[in-house]
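The values are calculated or read from the model by the stated rules, or taken from the named source; none is laboratory data. Bear in mind the structure is a predicted one, so any value in this text is a computation, not a measurement. In this analysis, Cβ positions are derived from the backbone assuming ideal geometry, glycine residues included, and neighbour counts consider all displayed protein chains.
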Amino acid sequence: MPRDISSPMLAQLTTNAISPCFLASIAFKSQTVYCRTGAGSLVYGGNTYLGVGDFGKLSAITEGADVQAYGMSITLSGIDPNLLAESLTDVQLGAAATIYFALLDGSGNIYGTPYPAFVGVVDKPSVQVGVTAVTISLALENRLSNLQRASQRKYTAADQQRYFPGDTAFNWVESLNDQALKWNA
């Protein structure tokens with residue numbers, strides 16, 4: 001599958017010395033959190049990505065030739081146990097999550113444009129509670145997983161008005177239930 005990788009990033013990938021970095025953007029109820037692998041802050045797209053160092057972990061990002069929803073997880077450890085309840089109530093299922101792959105130069109600047117390695121939504125969190133720290137892992141699901149869910153839409157005028165106000169396409173659908181149509185052949 002062809003990739004839309006920026007020219008500076010592609011040129012850097014062909015050298016022997018690369019410094020990879022992952023940027024994560026995850027929406028929560030209270031705010032969108034921007035974090036990155038490594039230490040220190042990094043500005044990209046007008047947002048400051050805070051380094052989580054050894055406290056953050058990404059699972060493998062999988063893709064394949066089949067039309068299948070591949071998920072991944074992002075883990076943050078070392079959380080103060082007193083913040084556990086607040087951390088879990090801020091998780092918003094179905095919120096947007098994006099993981100970018102970036103290359104950094106020796107000064108910590110980004111080469112070209114980071115590549116979106118994973119785009120999906122937040123799924124259920126899992127928690128491991130230790131004596132002094134808590135580890136929270138967020139499952140991230142690809143939007144293709146929605147294909148396995150039944151649609152909640154109805155073929156009624158009220159449902160159509162909720163999504164497309166002013167559209168009268170379904171105004172007569174409900175009356176068709178009581179119609180006896182006779183076909184002449």
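Any idea which residue in the range 27-42 is surrounded by the most Cβ atoms within 10 Å (Cβ to Cβ), counting only those that are among the β-branched types (Val, Ile, Thr) and modelled with pLDDT under 90?
This residue is Thr37.
Kindly provide the set of residues from the range 76-110 that are surrounded by fewer than 16 Cβ atoms within 10 Å (Cβ to Cβ) and among the hydroxyl-bearing types (Ser, Thr, Tyr), ordered by number.
Matches in the range 76-110: Thr89, Ser107.
If you check Asp4 against the conditions, is it in a helix (DSSP H, G or I), surrounded by fewer than 16 Cβ atoms within 10 Å (Cβ to Cβ) and among the acidic types (Asp, Glu)?
No, not satisfied.
Results for (1) touching a Cys at 6+ places or on another chain (Cβ under 7 Å); (2) over 26 Å from Met72 (Cα atoms); (3) at pLDDT 85 or above, shown as yes or no for each residue.
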| position | (1), (2), (3) |
| --- | --- |
| Leu104 | yes, no, yes |
| Gly120 | no, no, yes |
| Ser137 | no, no, yes |
| Gln148 | no, no, no |
| Tyr155 | no, yes, no |
| Arg162 | no, yes, yes |
| Pro165 | no, yes, yes |
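Taking the stated definitions as given, is Thr14 farther than 24 Å from Gly120 by Cβ and either surrounded by 17 or more Cβ atoms within 10 Å (Cβ to Cβ) or polar (S, T, N, Q) (or both)?
Here the answer is yes, as Thr14 does meet what is asked.
Report, by residue number, each residue of the range 17-26 that is modelled with pLDDT of 75 or more and either farther than 25 Å from Gly120 by Cα or assigned to a loop (DSSP other than H, G, I, E, B) (or both).
Selection gives Ile18, Ser19.
Of all the residues that make up the range 43-64, how many are touching a residue at least 12 places away in the same chain (Cβ under 8 Å), of a type in the set (A, V, I, L, M, F, W, C) and either loosely packed, with under 12 Cβ neighbours inside 10 Å or part of a loop (DSSP other than H, G, I, E, B) (or both)?
Of the residues in that region, 3 qualify.
What do you reckon, is Thr113 out of contact with any Gly (no Cβ under 9 Å at 6 or more places or on another chain) and either at pLDDT 85 or above or surrounded by 13 or more Cβ atoms within 10 Å (Cβ to Cβ) (or both)?
yes
Can Gln160 be described as touching a Phe, Trp or Tyr at 6+ places or on another chain (Cβ under 7 Å), under 28 Å from Val33 (Cβ atoms) and either surrounded by 11 or more Cβ atoms within 10 Å (Cβ to Cβ) or among the β-branched types (Val, Ile, Thr) (or both)?
No: the conditions fail for Gln160.
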